[in-house]
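Read through the structure below, which is laid out as structure tokens, and then see the notes.
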Amino acid sequence: MRKITAVLVAAGFSLSLINGFVFSAPQDTLYVNMLEVFNQYNKTSDYDKKLEKEQKQEETLLRQKKDEITKLSGQIKLLKDSERSKKEKELSDKKNAFNQETRKALLDLKKERDVKMKEILGDINRVISDYAKKNKQQIILKKAAVAYADERLDKTDEIIKLLNKSYKAKK
């Protein structure tokens, strides 16, 4: 009888501890749709416009150089053999320079894009962290990691508003 009582007391004590942990856990873990936040952030769209403009400028410059190469290639066909080899060397040099400039332009744009994306994601994470601290939230999950959650726990719109407000203030 004593053993049964001791086991029941120990089990009750264990259950009360577990119960205490369960009920002290956050009752309303929030979530955010990171893709939507990223896409709705004004800084993202401003940067996309800037990057598109830079890309068009690079494409224009490269197109001009390609046109020069095409023109030179057409001229070579009309030249005498003695002049042709000299122009073919010039054409080869221009093609190599064009290919190097194209690779460099693509790498530079990619590097700039990567730096800006890291900056934008840093802004998003900072605002989410500030929101969590201000609202005494222990956990805010990415929506992609959530199998199911009540839509009332979705704070995506609030985060977007806070992000855009802070971005506007910095401008």
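Read the figures in this text as sums done on the coordinates, not as results from a lab. All of these numbers come straight from a predicted model, not from anything done at the bench. Ideal geometry is used to build each Cβ from the backbone, glycine not excepted, and the neighbour counts take in all protein chains shown.
Observations on the model:
- In nm, spacing of pseudo-spin labels at residue 136 and residue 111 (7 Å Cα→C-beta vector): 4.9 nm
- Cross-linked pairs 110/155; 50/71; 53/165: Cα-Cα separations exceed 29 Å for 110/155; 50/71.
- Going by neighbour counts of Cβ atoms within 10 Å, the residues 167, 148 line up, fewest first, as 148, 167.
- Based on Cα contacts under 8 Å between residues 6+ apart, the stretch 38-154 shows a relative contact order of 29 percent.
- Think of the stretch 25-164 as having a plus end and a minus end, set by charges on the Cβ of Lys, Arg, Asp and Glu; of 146, 61, 122, 61 sits farthest toward the positive end of this dipole.
- Residue 79 versus residue 61: modelled label distance in nm, points set 7 Å from Cα along the beta carbon direction: 2.7 nm
- Here the Karplus relation 6.51 cos²θ - 1.76 cosθ + 1.60, evaluated at θ = phi - 60°, turns the backbone of the stretch 143-150 into coupling constants of 4, 4, 8, 10, 6, 8, 7, 4 Hz, with x for every Gly and Pro.
- Summed residue charge, Cβ within 15 Å of residue 87's Cβ, Lys/Arg positive, Asp/Glu negative: +2
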